[in-house]
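One structure below.
The values are calculated or read from the model by the stated rules, or taken from the named source; none is laboratory data. These numbers were taken from a predicted model, which means no experiment stands behind them. FYI the Cβ positions are ideal-geometry reconstructions off the backbone, even for glycines, and counts take in every protein chain you see. Just so you know, the surface numbers come from the protein's heavy atoms only, side chains and all, with ligands and any DNA or RNA stripped out. Shrake-Rupley method; radii C 1.70, N 1.55, O 1.52, S 1.80 Å.
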Amino acid sequence: DAVLLGALVASPRVDTVQTESAHPLGRAYERVVARVAAGEPRDEALRYAARHRSEFMWPWESPPHSVAHGILDDETYDWHAVVAGMMETGGTPVVVGEELLEEANSLGRDSTGIDADHTGTSGLAGLIQLVRSGAVDPRERVAVLFTGIRR
């Protein structure tokens, strides 16, 4: 919407974050990307995924556990729109471990004073991982949302 209204020149890259113990969105994304890599046009691969949901999104096989319990989706209800958004903007699903979730939560809370829980700072964990892997330049402008409060 911001691009259509002229507020932004281009859409920002959208990356998503899930835990190592459950990342059905990442699994669905990889399956759509595999179809594209095999030569199917992106839009057709996404249409196929929408019509054959169970080949792309299904409940996680074993009960997941994480300090970021709020992102433990056994299935991601809006997966198709999110996968399409990542593909359209050049984003990726980022899978993070418990140690990084702990690190991000401490850094986020100490740096901002926001009393966010591990779910709320999971986006920061994803950003840290992207910077460490070289996928995001440390000088690049990014936005991270802190959602979820410690209770």
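Compared with the dominant Cα axis of the chain, that is its longest principal axis, helix 42-51 is turned about 90°. When peptides 86-93, 32-39, 13-20, 115-122 are ranked by their average number of other Cβ atoms within 10 Å per residue, the highest-first order is 115-122, 13-20, 86-93, 32-39. Calculated [222 nm] ellipticity per residue, helices only, for the chain: -13000 deg cm²/dmol; basis is -39500 (n - 2.57) per DSSP H run with n ≥ 4, divided by all residues, nearest 500. About its Cα centre, the dipole of the stretch 46-109 is roughly 360 debye, where the only charges are +1 on Lys and Arg Cβ and -1 on Asp and Glu Cβ. Among the chymotrypsin sites (Phe, Trp or Tyr not before Pro) in the stretch 75-151, those placed in a DSSP loop whose Cβ has at most 14 other Cβ atoms within 10 Å are 77. Based on the Cβ-Cβ distance of residue 131 and residue 98, what FRET efficiency does E = 1/(1 + (r/R0)^6) give at R0 = 25 Å, to the nearest 0.05? It comes out at approximately 0.85. Stretched out straight at 0.36 nm per residue, the stretch from residue 36 to residue 51 would grow longer than its current Cα-Cα span by 3.8 nm. Couplings 3J(HN,Hα) for the stretch 117-126, derived from phi with the Karplus relation 6.51 cos²θ - 1.76 cosθ + 1.60 (θ = phi - 60°), are 8, 5, 5, x, 9, 5, x, 5, 4, x Hz, where x marks Gly and Pro.
Annotation: amide H of residue 17 within the under-5 Å range of 94, sequence separation 5 or more or interchain, hydrogens built in the peptide plane.
Over the chain, accessible surface divided per residue gives 59 Å², non-protein components excluded, 1.4 Å probe. Here the dipole of the chain is about 340 debye; that uses its Cα centre as origin and unit charges on the Cβ of Lys and Arg (positive) and Asp and Glu (negative).
Considering only 108, 134, 70, the mean-square fluctuation computed in a Gaussian network model of the chain, springs between alpha carbons under 10 angstrom, is largest for 134. Which is farthest toward the positive dipole end of the chain among 130, 72, 106, measuring Cα position about the Cα centre, with Cβ charges +1 (Lys, Arg) and -1 (Asp, Glu)? Result: 130.
Residue separation of residue 3 and residue 69 scaled by 0.36 nm, minus their Cα-Cα distance, works out to 20.4 nm of gained length.
Place a label point 7 angstrom from the Cα of residue 58 along the Cα-to-Cβ direction, then list the residues of the stretch 66-87 whose backbone nitrogen is under 16 Å away. Within reach of a label on residue 58, which here means backbone N under 16 Å from a point 7 Å along Cα→Cβ, the stretch 66-87 contributes 74-76.
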